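Nothing in this text is a laboratory measurement; each read-out follows from the coordinates by a stated rule. The model shown is predicted, which means the values in this text are computed figures rather than measured ones. In this analysis, Cβ positions are derived from the backbone assuming ideal geometry, glycine residues included, and neighbour counts consider all displayed protein chains.
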There are 2 protein chains.
Amino acid sequence: MKIAEVSERYGISSDTLRYYERIGLIQPVNRNGSGIRDYVEVDMRRVEFIKCMRSAGLPIEVLIEYVGLVQQGDRTIEARKEILKEQRELLAARMKEMQITLGILDHKIGVYESAVLKKEQEMIPGED
Amino acid sequence: MKIAEVSERYGISSDTLRYYERIGLIQPVNRNGSGIRDYVEVDMRRVEFIKCMRSAGLPIEVLIEYVGLVQQGDRTIEARKEILKEQRELLAARMKEMQITLGILDHKIGVYESAVLKKEQEMIPGED
DNA sequence: CCTTGACTTGGAGTCGACTCCAGGTGATAC
DNA sequence: GTATCACCTGGAGTCGACTCCAAGTCAAGG
């Protein structure tokens, strides 16, 4: 699979895919005879994982470190686990903040809704 | 209240508070005789609101627009409501993605945990 | 054979959101 | 009265994460 198809499938631009590869965020993808990337299943899984982590806001630097550890094999399992645990907690904390903000937005929207209603009611006597 | 105290109270740097003011994200704060900002309650509430919205990732540009509408009075209520509703949906969508990522992280952490356990069990025969 | 079009690279540019800095002012402490 | 300190301004710098670009290569179609 060429880069354009992968780009299409995951909604990540080719530029970004190449960028991820050159900074070590995804492992080097094999090339065909003429130097063109040929993504195979394992590459796709990696892309999908990174896409997922990035969409949740995990920083690139942390992910690079994680990917680096993965490449070093089983002896880094403990370290990887620690990274994931830390990021999990940070993510949960961000979500908690967002939950609060969501509540405030809902509240404000409710207030505006009733303000609009009230205005409309005031309109009735005058009728347009 | 001077800027340093507000900064302290909300965990926002003085630079950022001034920055927010000059880009119109918070309304101008009154100054004392010698030009120094004197934050009063309404200013604090605004700062807190912005802090909350920013912590959830609402873009500055959108918030500037919203604040601008607030300053124009009641006739902008409908527009403000629409902005909040849109941002509410975007926020909910981001949280949903994060929820998925959280699940994947938890799963992966679980896998690593059992990998570590297995390794430790393999250790027992050899004993250190 | 030449054009077209998708790919390649390395490097530069952009964007959002701060963050820092130089140079200046004014109130308070010694 | 001068040193210190927190404040002020406008502008420049930084950072993370892309995004764009010029110049080049290669395979396939007309």
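Here are the numbers:
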item	result
Distance between the stretch B:1-61 and the stretch A:35-91 - C-alpha centres, whole angstrom	38 Å
Partner aspartates and glutamates for B:K119 [C-alpha distance under 19 Å; skip if fewer than 8 residues away on the same chain]	A:D74, A:E78, A:E82, B:E127, B:D128
Shape of the protein assembly as shown, Cα gyration tensor, a/c cut at 1.5	prolate
Mean ellipticity per residue at 222 nm, deg cm²/dmol - from DSSP H runs of n ≥ 4 across chain A, formula -39500 (n - 2.57)	-25000 deg cm²/dmol
Most fluctuating residue given options B:I77, B:I23, B:I109, as computed from a GNM of chain B linking Cα atoms under 10 Å	B:I109
Net charge contributed by nearby residues that have their C-beta within less than 15 Å of B:E41 (K/R +1, D/E -1)	+1
Nearest-first distances (nm) between copies at B:E65, label 7 Å from Cα via Cβ	3.7
Fluctuation leader among B:K96, B:K118, B:K81 - chain B, Gaussian network, Cα springs under 10 angstrom	B:K118
Nearest-first distances (nm) between copies at B:G103, label 7 Å from Cα via Cβ	2.4
Fluctuation leader among A:G24, A:G73, A:G33 - chain A, Gaussian network, Cα springs under 10 angstrom	A:G33
